[in-house]
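These notes are about the structure you will find just below.
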Amino acid sequence: MKQFTKHICYSGGAEGADTYFEFFSNKFAVDVIAYSYKTKHHTSENKYELNEMQFAEGVKHVHKANLVLKRAKVNSYLKLLARNWFQVKNADEVFAISILKNTDNGWCVQGGTAWAVQMAINTNKPVFVFDQDQVQWFYYDYYYKNFKKCVNNPKITALHFAGIGTRNINLFGINAIENLFKNTFE
C-alpha cells in the first residue's frame, strides 16, 4: 500500500454516505481508501480488496462488536462487516451518518453503520455520528458510555479518519458531510 503524508478518508465504497465521503474527499484533495472483500459490486476507483488474512482479522472484530450489538444473522453479512474493521483500524477518528435510536441503555446507532461505530468504540477512538432524523451531530462520551450532542459541529482533526454511514442518506446527511469538510479545510 502506498504511503500517505496528507489526509486519508477510509471508507467502504458503498452507495450512500460512503459515496459522499469519497466525493467530498476528492473535492478537498483528501486521499481515499475504500475497503472491500471479493465483490464485483464495489465500483469505487479507490477500491482496496482485503486478502484472506485481513478478512479473517476483520471477522474476529465483527464477533467482538456483536458481543455488544447482539444481532442475529451476523454470518450472512461477514463480507461487508469484516471490511468495517479496516476502516476503523486505520483511522484515528470516525465520522458516521446514520440514525440514533434512544433505548433503555442510551443512544444506539441503527443499521449496518452500528458495526463500524461499535468497533471504533471497542478501540477507544473518537466517534462522531450525525443523526439524520434529529439533524444533529453526536459524539461518543466514554465516561458516560453514551452518545452526547455536540455543542459545535465537529472538525476532522486527524490525518487518518473514517467516513462511513447509511446507504439511505438524505439531504441533511449530505449537507453534514459537506459542512464537515468545509469546517475542516476552508
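The values are calculated or read from the model by the stated rules, or taken from the named source; none is laboratory data. In this text, all values refer to a predicted model and were calculated from it rather than measured experimentally. We place every Cβ from the backbone using ideal geometry, glycine too, and count neighbours over all the protein chains shown. Quick note on the areas: whole protein, heavy atoms, side chains included, nothing else; ligands and nucleic acids left out. Shrake-Rupley method; radii C 1.70, N 1.55, O 1.52, S 1.80 Å.
So the values come out like this:
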item	result
Entries in Lys125/Lys148; Lys27/Lys155; Lys64/Lys148; Lys6/Lys182; Lys70/Lys149 that, when Cα-Cα distance is taken, lie over 19 Å	Lys64/Lys148; Lys70/Lys149
Zone of Ala158's modelled label, taken as backbone nitrogen in the stretch 89-104 under 13 Å from a point 7 Å along Cα→Cβ	89-96
Gain on full stretching of the segment that runs from Glu15 to Val68 - 0.36 nm per residue minus C-alpha separation	16.5 nm
Cα gyration tensor shape for the stretch 77-186, rounded if a/c is under 1.5, else prolate or oblate	rounded
Correct option for mean projected area of the Cα convex hull in nm² [calculated from the coordinates] among [x] 16.3; [y] 10.3; [z] 9.4	[y]
1.4 Å probe accessible area per residue over the chain, in Å²	53 Å²
Most to least packed among 135-142, 29-36, 159-166 [average Cβ atoms within 10 Å]	159-166, 29-36, 135-142
Cβ crowding within 10 Å averaged over residues, with 68-78, 101-111, 15-25 ranked highest first	15-25, 101-111, 68-78
Within the stretch 108-148: backbone nitrogen closer than 13 Å to the Asn175 label point (7 Å, Cα to C-beta)	132-137
Extension gain from Tyr139 to Thr103, taking 0.36 nm per residue of separation minus the Cα-Cα distance	11.3 nm
Cα gyration tensor category, rounded, prolate or oblate, for the stretch 41-115 with a/c compared to 1.5	prolate
